[in-house]
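Let me begin by presenting the structure, written as structure tokens, before commenting on it.
The values are calculated or read from the model by the stated rules, or taken from the named source; none is laboratory data. Treat the numbers as computed from the prediction; the structure is a model and nothing was measured. Counting neighbours? That spans all protein chains shown, and the Cβs are built from the backbone with ideal geometry, glycine included.
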Amino acid sequence: MKKIVPPILILFLCLVTGCGSTATPAPDLVATQVAVMEAAAATLTAGAPTPAPTAAVMLTDTPLPAPTATSLPSASPPPAGTQAPQSTATALPPPVGPNLGQFAVVNVRSNDVLNVRSGPGVEHAVVGTIPYYGVEVAVFAGGQQVAESWWVPVEYQDVSGWANSGFLARQVGYGNEQVAARASEAIMALKDGDLEELSSFVHPDKGVRFSPYATVQAGDDGDVVFSADELKSLMADPTVYHWGTYDGSGMPIELTFRQYYEEFVYDVDFARPDVVGFNERVGQGNSIDNIASAYPDGVMVEYHFEGFDPEYAGMDWRSLRLVFEEEDGIWYLVGIVHDQWTT
């Protein structure tokens, strides 16, 4: 149900709340990922010999660009990526350093793959690939920095090698590959601000519900729900909708869809998270998480950042949760739930 706000109320709210998205710190995502991997490696390899170099996995051959302050992405998708050619190089033995846990592939488009290379860096031969929706990728200690990228030893099924950690996120929970694929495609559509593409994932009967916080408000007076067709043109829609209330202040959230998108959907680059959770909550705030009861037939995929400014000791975490439901063998998007710590 879409709740439209009268213009005079909009003026009042602008005076009280500022009528805009709150400033979000510009995260240094590559540095964050490097710091996490270095800390884990240092802890697990303290006093142990350096593991022998092994074959490696890598997403794309181009290092990640330096992150900038979050802004609304262009609605036009970037040029299609090219799948790396298979190499005839022989993979090296599996990594011998301590296992740092399971990771999921992130920030890779559906027409691309994560290339497996025989050493850390793009100059090494490709020895295999991991799909864009790859889950349960084992990452091992003994990473190396090459230029501006941090490479880590990995194993995936029968492939072993080195991967650019900027394309891997720590995995929590079990990742169904069908759901992982749909979530990967949907999060890239959100990254591009491509609502036409996103609408192709939306449930044909239920539409998609937008929740600004972890507590899903179902029913006629609850969160805003859009059909797939309605979603397509919302970026240009000047209508101001009522999305609920700000947690903490209790003031109403009165925003256009574009404003809501910038503040409560893609306020940071969720396609490049620190953690991906499958049906397990990662971010823990003061909002009641009722996703399981609101979507009893749903599967949730969470894209989570553990924090951006060390001064806040993780209190500035962010999460975006995508909820999918299966019908006739297809997983459809039914919920987009934003979450963060509030006071």
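What the table below lists for this structure:
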quantity	calculated
Tally of residues being buried (at least 19 other Cβ atoms within 10 Å of the Cβ), in contact with a helix residue (DSSP H, G or I) (Cβ under 9 Å, 6 or more places away or on another chain) and more than 24 Å from residue 262 (Cα to Cα) across the range 278-297	1
From the options 122, 127, 152, residue that is touching a residue at least 40 places away in the same chain (Cβ under 8 Å), assigned to a strand (DSSP E or B) and more than 22 Å from the chain's Cα centre (by Cα)	127
Residue in the range 132-142 that is of a type in the set (Phe, Trp, Tyr), modelled with pLDDT of 95 or more, within 22 Å of residue 276 (Cα to Cα) and outside any strand (DSSP E or B) present	yes
Which numbered condition residue 295 misses (of (1) at pLDDT below 95; (2) under 23 Å from residue 218 (Cα atoms); (3) among the aromatic types (Phe, Trp, Tyr))	(1)
Members of the range 300-337 that are surrounded by fewer than 21 Cβ atoms within 10 Å (Cβ to Cβ), assigned to a strand (DSSP E or B) and in contact with a Phe, Trp or Tyr (Cβ under 9 Å, 6 or more places away or on another chain)	325, 326
Checking residue 144 against (1) outside the structural domain of residue 334 (by TED's automatic domain parsing); (2) under 23 Å from residue 326 (Cβ atoms); (3) not aliphatic (A, V, I, L, M), the condition it does not meet	(2)
Hits in the range 186-233 (condition: touching a strand residue (DSSP E or B) at 6+ places or on another chain (Cβ under 7 Å), among the polar types (S, T, N, Q) and either crowded, with 17+ Cβ neighbours inside 10 Å or under 22 Å from residue 289 (Cα atoms) (or both))	211, 217
Residues (in contact with an Asp or Glu (Cβ under 6 Å, 6 or more places away or on another chain) and either more than 13 Å from residue 193 (Cβ to Cβ) or touching a residue at least 60 places away in the same chain (Cβ under 8 Å) (or both)) located in the range 224-241	240
Checklist (1) touching an Asp or Glu at 6+ places or on another chain (Cβ under 7 Å); (2) modelled with pLDDT of 95 or more applied to residue 287, failing item	(2)
